[in-house]
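J.: This is the structure I have questions about; it appears just below.
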Amino acid sequence: MEHFFKNIVSGIGFTDILDILIVTFIIYKLLHFIRETRAEQLAKGLLFLMVATLLSKVLQLYTLHWILSGVMTVGLIAVVVIFQPELRRGLEYLGRSKFSNVLSEVDKEEAKYMVGQLVEAVDSMSASHTGALIVIEREISLNDIAETGTIIDAAISSQMIGNIFYEGAPLHDGALIIRGSRIHAAGCVLPLTQNKNLNKELGTRHRAGIGITENSDALVIIVSEETGIISLAQNGKLTRFLDVKKVEKALFNLYLEESEKNLGERLSSFLRSVRQGVKDAEK
């Protein structure tokens with residue numbers, strides 16, 4: 001037995017291990033994707049049909065096997081139709097356009113000022129029950145979303161944000177997009193989430209806020225018009241009943257983390273340049 005296992009281990013090369021790791025990762029991501037969508041129950045049904053088809057062949061139940069085989073053949077086409085939204089979302093995820101992280105271009109002092117203005121605006125709108133939907137763009141470009149609204153390109157200020165979401169203002173019903181240190185666009189239309197398990201109390205504003213985070217890496221701040229409750233949406237998840245301190249902390253973590261990351265990258269690049277200069281001088 002020991003000799004048998006030694007032969008197996010000795011026959012495994014680096015490419016075999018790499019192949020296994022890649023397939024494992026793909027299966028893991030596929031299962032994770034299925035669990036996050038309505039595809040979970042459908043996947044269980046397909047698995048049941050596959051097992052039933054296999055058992056009918058083993059038990060020589062020819063008529064049942066013929067019927068199940070036909071169902072499986074047609075089922076593959078049906079899967080593409082039924083899973084169309086999920087497949088589209090997955091392909092969009094693979095093909096997302098990225099550019100240099102605009103948040104990393106904001107320095108520490110500028111980030112502190114911006115966070116202060118955002119928190120002040122959110123606190124004021126929460127107190128007055130003014131509905132708001134603020135999208136902070138990160139690495140994934142939101143140009144297609146910005147085109148559905150009005151390009152503003154204005155400095156971030158609590159007064160400007162308050163005016164945009166003031167009830168009766170032309171752009172108050174849509175979303176506001178922040179790119180870097182600027183208000184990029186307002187009155188934008190966001191895609192609604194396809195998640196059917198959300199609380200029925202959540203309205204269109206919250207569903208739109210969650211929807212954009214399912215298709216991008218954006219952070220979204222939502223203020224309820226009915227209750228004044230502040231929520232944050234990210235990665236398709238919604239966190240509700242936040243106070244301004246928690247919002248401030250989340251924004252600081254977002255901006256300062258990216259700024260520090262950018263600083264680290266620039267420092268590393270500088271050190272590489274210095275080492276290369278030393279090597280050239282020694283030659």
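The values are calculated or read from the model by the stated rules, or taken from the named source; none is laboratory data. Values in this document were obtained by computation on a predicted structure and should not be read as measured data. Cβ coordinates were reconstructed from backbone atoms using ideal geometry, including for glycine residues, and neighbour counts include every protein chain displayed.
J.: Can you pull out every residue in segment 51-64 that is loosely packed, with under 13 Cβ neighbours inside 10 Å and either among the basic types (Lys, Arg) or closer than 28 Å to Leu31 by Cβ (or both)? It would help to see each step written out before you state the result.
T.: Of all residues in segment 51-64, those loosely packed, with under 13 Cβ neighbours inside 10 Å come to 51, 54, 58-60, 62-63.
Answer for segment 51-64, where residues must be loosely packed, with under 13 Cβ neighbours inside 10 Å and either among the basic types (Lys, Arg) or closer than 28 Å to Leu31 by Cβ (or both): Val51, Leu54, Val58.
J.: Would you check if Met160 is in the same structural domain as Phe241 (by TED's automatic domain parsing), among the hydrophobic types (A, V, I, L, M, F, W, C) and modelled with pLDDT of 95 or more?
T.: Values: in the same structural domain as Phe241 (by TED's automatic domain parsing): yes; among the hydrophobic types (A, V, I, L, M, F, W, C): yes; modelled with pLDDT of 95 or more: yes.
Yes, satisfied.
J.: Here's another thing I want to ask about it. Is it the case that Thr213 is in the same structural domain as Val119 (by TED's automatic domain parsing), in a helix (DSSP H, G or I) and within 28 Å of Glu110 (Cβ to Cβ)? Let's see the steps before the verdict.
T.: Values: in the same structural domain as Val119 (by TED's automatic domain parsing): yes; in a helix (DSSP H, G or I): yes; within 28 Å of Glu110 (Cβ to Cβ): yes.
The answer is yes for Thr213.
J.: Now a separate question. Can you tell me which of (1) surrounded by 12 or more Cβ atoms within 10 Å (Cβ to Cβ); (2) β-branched (Val, Ile, Thr); (3) at pLDDT below 70 is the one Ile67 doesn't meet?
T.: (3)
J.: Next question, about the same structure. State which residue is nearest to Ala111 (Cα to Cα) when the search covers only segment 225-251 and only residues that are surrounded by 13 or more Cβ atoms within 10 Å (Cβ to Cβ) and acidic (Asp, Glu).
T.: The residue in question is Glu248.
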